[in-house]
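One structure is given below, encoded as structure tokens.
The values are calculated or read from the model by the stated rules, or taken from the named source; none is laboratory data. None of the values given here were measured: they were computed from a predicted structure. Methodologically, a virtual Cβ is constructed for each residue, glycine included, from the backbone with ideal geometry; neighbour enumeration extends over all protein chains shown.
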């Protein structure tokens, strides 16, 4: 994540996990990381269902509430799909 500073990883908040929380300028980025070892069970991006999005948003809201230093920052939700040795980042995925 070039140009980003990771401020938290694998954090459990409100009963849900935040994979990566990064900071770039005045944007807090919550990044969900999904990987699949093969194509037999679908694509990693398909694993980020509306329910998963709801859980990540809930955890992000709780995390931000306890960190007032980010109160005036923008928030973005990204997904990184890991396919073997290849990464695909979908910015603003949800």
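Residue 10 fulfils the conditions (1) in contact with a strand residue (DSSP E or B) (Cβ under 9 Å, 6 or more places away or on another chain); (2) loosely packed, with under 11 Cβ neighbours inside 10 Å; (3) closer than 18 Å to residue 92 by Cα except for a single criterion, (3). Inspection of segment 70-80 identifies at least one residue that is farther than 15 Å from residue 94 by Cα, assigned to a helix (DSSP H, G or I) and touching a helix residue (DSSP H, G or I) at 6+ places or on another chain (Cβ under 8 Å). Exactly one residue among 32, 46 is touching a residue at least 60 places away in the same chain (Cβ under 8 Å) and either in contact with a helix residue (DSSP H, G or I) (Cβ under 7 Å, 6 or more places away or on another chain) or not in a loop (DSSP other than H, G, I, E, B) (or both), and that residue is 32.
Conditions tested, residue by residue: (1) without any contact (Cβ under 8 Å) to a residue 12 or more places away in the chain; (2) over 13 Å from the mean Cα position of the chain (by Cα); (3) surrounded by 12 or more Cβ atoms within 10 Å (Cβ to Cβ).
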{"residue": "57", "(1), (2), (3)": "no, no, yes"}
{"residue": "74", "(1), (2), (3)": "no, yes, no"}
{"residue": "83", "(1), (2), (3)": "no, yes, yes"}
{"residue": "91", "(1), (2), (3)": "no, no, no"}
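Every condition in (1) modelled with pLDDT under 95; (2) in contact with a strand residue (DSSP E or B) (Cβ under 8 Å, 6 or more places away or on another chain); (3) closer than 19 Å to residue 69 by Cβ is met by residue 35 except one, and the failing one is (3).
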